[in-house]
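These notes concern the structure reproduced below.
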Amino acid sequence: MSRQKTKRAINAMPHFRPPPAKTQTITRVEAELIASEVLGFFAGDPARLERFLALSGLRRENLRAAAQDPGFLGALLDHLAADEAALLAFSAGSGHEPPAVIRAWEILSPPAEWLDI
């Protein structure tokens, strides 16, 4: 088929849109549980934990107190989402698929434009 015939055939077809990707529904509680697992993941790898502490400005001594802050779990997921290798390692070890982890991150650390500030 010539290029022009192909173009006409495509234009004659109704516009096709693939079905939307299935998004995993996660509750806030489930997102918090995933983030808690991420803390355990970091705690199990001293190098990753030290990197998180250094970038967040936290110290081991105040980590437990910081964990009570409402933004802490979002910060954990933010850090994990920024490191693809860590995200994939966590996903492989935890059984949570990367999209579920990212969805949890979106729930616990929404973009500023989503917030009523």
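Coordinate-derived values only; no laboratory data. As the structure is a prediction and not an experimental result, all values here were calculated from the model. Don't worry about glycine lacking a Cβ; one is built from the backbone with ideal geometry, like all the others, and counts go over all protein chains shown.
Numbers for the structure displayed
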| quantity | calculated |
| --- | --- |
| In the range 28-43, residue farthest from LEU80 (Cα to Cα) [restricted to those that are surrounded by 16 or more Cβ atoms within 10 Å (Cβ to Cβ) and not charged (D, E, K, R)] | ALA31 |
| Any hit, the range 65-73, residues being surrounded by 14 or more Cβ atoms within 10 Å (Cβ to Cβ) and closer than 14 Å to GLU106 by Cβ | yes |
| Residue pairs meeting the criteria (Cβ under 7 Å; at least 6 apart or on separate chains; first farther than 14 Å from GLU106 by Cβ, in the range 74-96; second of a type in the set (Lys, Arg) and assigned to a helix (DSSP H, G or I)) | ALA86/ARG48 |
